[in-house]
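To start, the structure under review is shown below, and the notes come after it.
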Amino acid sequence: SSSTCTSAAASSDLVEETNFMLYNTKAREKQLFVPRGKEPISMYVCGVTVYDYSHIGHARVYTVFDVLYRYLLWRGYDVIYCRNFTDIDDKIIKRAQETGEDTNDVTRKFIDEFHVDMVSLGNLKPTLEPKATEHIADMIEQIENIVENGHGYEVDGDVYFDVPSLDGYGSLSRRKQDDNRAGERVDVDSRKKDPADFALWKSRKPGEPFWESPWGEGRPGWHIECSSMIHKLLGEKIDIHGGGLDLTFPHHENELAQSMASCKQCSDDFSRFWVHNGFVNVDAEKMSKSLGNFFTIRDVLERYHPKALRFFLLNTHYRSSINFSDSLLNEASARCYYLYQTLVDCMGVLGEEVPTLADCEKHKESKEMLSDALRAMGDDLGTQQALAIFSPALKSMNEFLHTKKGRKNPKRVEALKGYYSGISEVLKILGLESEDYQAILDGLKVSALARCGRTAEEVENIITMRQDARKNKDFEKSDQLREEL
């Protein structure tokens, strides 16, 4: 999978001229990202709870971290990208009870469906995709260590993390102990020593899956799974831990606490960088099922091409909230069409020989465009800036392609080759590249027609009718037909 992202790594100048500054939530600032040494970069991103189809919030988080993965690969780094599946949880148990299915059948189905969505979005497969249920023994071992070190306690077969016992709790979210509430997805349990204490192990309830443990039959709490799997698969310290902004507290805060508490001398640098993406709002309101503005990835892809959705997601900086609306998706579709149509027209002039980075190096304006776009990517993954930098280049390309002056320019072919190769390089990092841009154009047309409830023939007929009206100098009818188009 890394082969699609590393073509520029061979051109060391491009990598060396751009530092990579990445925002670290824990430090509250952008920091220079460099590898720890010769070890591969380790990146862990919290995955989905597999009880339903994935929504556009999931589309955003996993597209953002796919671009980060691609960018690290482009810089020539070896990367171990780990993204888990939470396949034991209250919501999964509830879904299984509602449908009369086994929990394993529910999780198996939605893991498969999640993979379908990720392929549709163009996201690369992570190096590792562990399931929580594959690591119950590792979770039990870490819980035992936490209790042994004085940071956990057992009550009637449940085990809780003793939050006040750990100095430094809150260092990620910067919440004071007095501000903390239960770190659970359920109401406060009166048996807790402190309201902020959270479950490490839950005792067995009738009709629920369970495992044997030193505290009796039961299942793990939500927070313990990620820190256990990280310790097991990636080690006691990783380079990047990612997820949505809503995971900062309590989930990531509790992961950090568990890591610190499970060994006697562990510091709070469990992850060198904590990276979080912003929320998705729908028509300026927070997306939620209760508001009725909740959309699955499937819902959106029934009406918009996957590349248009990806373009839309990357056209806002990953740390900012993104406003999801039909008008913005329509705008993204139009900009996508312009981008890919320009590349198709370009190859129509250049023929079958695909331009290379060497062509970009030869053309001053193309080289500057590529450098600017890569600098934007190096500045905390400025995907929206990189896309904006394309605009003047695409305008120039269309002048070379379609104007009389441009077609006669002696540097026409050199410029088109340079721009094409430079834009292609950035598209690979963004996951917007394709081996068949014409197929994307055709798909964008199909989606647009579906949205307006028209067929291609109906649109062609309106175009013909407008041409006839113009010939007959019936400008009022011509204008009406133009509005309809």
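Computed from the coordinates by the stated procedures, all read-outs in this text should not be read as laboratory data. Remember, predicted model here, so these are calculated numbers, not experimental data. Because the Cβ atoms are built from the backbone with ideal geometry, glycine has one as well, and the counts that use them run over all protein chains shown.
Shown in residue order for region 365-374 are the 3J(HN,Hα) couplings computed by the Karplus curve 6.51 cos²θ - 1.76 cosθ + 1.60 at θ = phi - 60°: 5, 5, 4, 5, 4, 5, 4, 5, 5, 6 Hz (x for Gly and Pro). Region 139-164 and region 436-485 have Cα centres spaced 66 Å apart. Which of the three applies to region 416-467, rounded, prolate or oblate, going by the alpha-carbon gyration tensor with a ≥ b ≥ c and a/c under 1.5 meaning rounded? It comes out prolate by the Cα gyration axes. Here's how it looks for D239: its modeled amide H is under 5 Å from those of S42, R272, which are all 5 or more places away or on a different chain. Between the beta carbons of R470 and R174, assuming R0 = 56 Å, the FRET efficiency works out to 0.30 to the nearest 0.05.
Note down the Stokes-Einstein diffusion coefficient of region 116-237 in µm²/s, whole number, using a Kirkwood radius over alpha carbon pairs, 20 °C, and 1.002 mPa s.
Estimated diffusion coefficient is 134 µm²/s.
Legend: Rg and Dmax of region 233-385, from Cα coordinates, 21.0, 66 Å. Amide H to amide H, with H built 1.01 Å from N, F324 comes under 5 Å of N281, V282, D283, A284, counting only residues 5 or more places away or on other chains. Expressed as a fraction of 2.2 N^0.38 Å, the value expected for a compact globular protein of N residues, the C-alpha radius of gyration of region 68-186 is 1.39. The value for region 372-485 of Rg(Cα) / (2.2 N^0.38 Å) is 1.45.
Comparing Cα centroids, region 361-429 and region 23-101 end up 31 angstrom apart. Legend: residue pairs K109/K289; K232/K428; K205/K232; K94/K232, Cα-Cα distance threshold 25 Å; pairs beyond threshold, K232/K428; K205/K232; K94/K232.
What's the long-distance tail for region 131-173, i.e. % of Cα pairs beyond 13 Å? Above the 13 Å cut-off, region 131-173 has 62 percent of its Cα pairs. Once you sort the root eigenvalues of the Cα gyration tensor of region 1-160 as a ≥ b ≥ c, which label holds: rounded (a/c under 1.5), prolate (a/b larger than b/c) or oblate (the other case)? The shape class here is oblate.
Annotation: peptides 138-151, 412-425, ranked by per-residue average of other Cβ atoms within 10 Å with the highest first, follow the order 412-425, 138-151. Taking each DSSP H run with n ≥ 4 as -39500 (n - 2.57) and averaging over every residue of the chain yields -15000 deg cm²/dmol at 222 nm.
Label reach from E458 (point 7 Å along Cα→C-beta): in region 287-327, amide nitrogens under 18 Å belong to 303-304. Peptides 56-68, 96-108 ordered by packing proxy, namely the average of other Cβ atoms within 10 Å per residue, highest first: 56-68, 96-108. Counting only Cα atoms, the size of the chain along its three principal axes is 87, 50, 37 Å, in decreasing order.
Taking amide hydrogens as placed 1.01 Å from N in the peptide plane, the amide H of K131 sits under 5 Å from those of F85, each at least 5 positions away in sequence or on another chain.
Relative to the longest principal axis of the Cα atoms of the chain, helix 326-350 runs at roughly 50 degrees.
For the peptides 41-51, 299-309, what is the packing order when you average, over each peptide's residues, the other Cβ atoms within 10 Å and list the highest mean first?
41-51, 299-309
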